Amino acid sequence: MIPFYLTPRRFIGLVAGVLLAIGVLGLVVGVSADSLYGSQPCGNGLAAFANNSQACTSAVMGRRLWAWPLAGVGAIGLIGAVLIVVPQRRRDDELDEAEPTDV
C-alpha cells in the first residue's frame, strides 16, 4: 500500500473542493419562501421564478449571498492547488551521486 501524506497543497485542494461542492449545491438546490398560503417555491440560486413576491426575492438573494462566494473561493483554491508548481528538493542521495565540478 502506498502511504498517503496530507501535504499542505493536498489539504488546500481538499478543503477547496468541499467548499466548491457546497457552493454549487447551494446554487442548484431549490429555494422556497413561507407565505400566507404555505411554502412557495421560488427557484434556485441560479434562476428565480418570475413572481414578484418580496419573500421569494429575499430568499433567493439570501441563498446567492452565501453560495456564490463559497463556490468562488472553492474554485480559486482548487485551481491554485492544482496549478501551483512547487519545486522539488533534491535528496541527499542525488547530491552525492552528482558529478563533481571543477572549482
On the given criteria, is V73 modelled with pLDDT of 90 or more, surrounded by 15 or more Cβ atoms within 10 Å (Cβ to Cβ) and either of a type in the set (F, W, Y) or closer than 30 Å to R10 by Cβ (or both)?
-> yes
Would you tally the residues in the range 46-63 being buried (at least 17 other Cβ atoms within 10 Å of the Cβ) and modelled with pLDDT under 90?
-> 2
Residue within the range 23-45 that is surrounded by fewer than 17 Cβ atoms within 10 Å (Cβ to Cβ), closer than 26 Å to A75 by Cα, in contact with a helix residue (DSSP H, G or I) (Cβ under 6 Å, 6 or more places away or on another chain) and not small (G, A, S) present | no
Give the residues of the range 4-54 that are farther than 13 Å from R64 by Cβ and assigned to a strand (DSSP E or B), sorted by residue number.
-> G30, S32, A33, D34, S35, G38, S39, Q40, P41
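The values are calculated or read from the model by the stated rules, or taken from the named source; none is laboratory data. Here the structure is a predicted model, which is why all the values come from computation and not from measurement. Neighbour counts run over all protein chains shown; Cβ positions are idealised from the backbone, glycine included.
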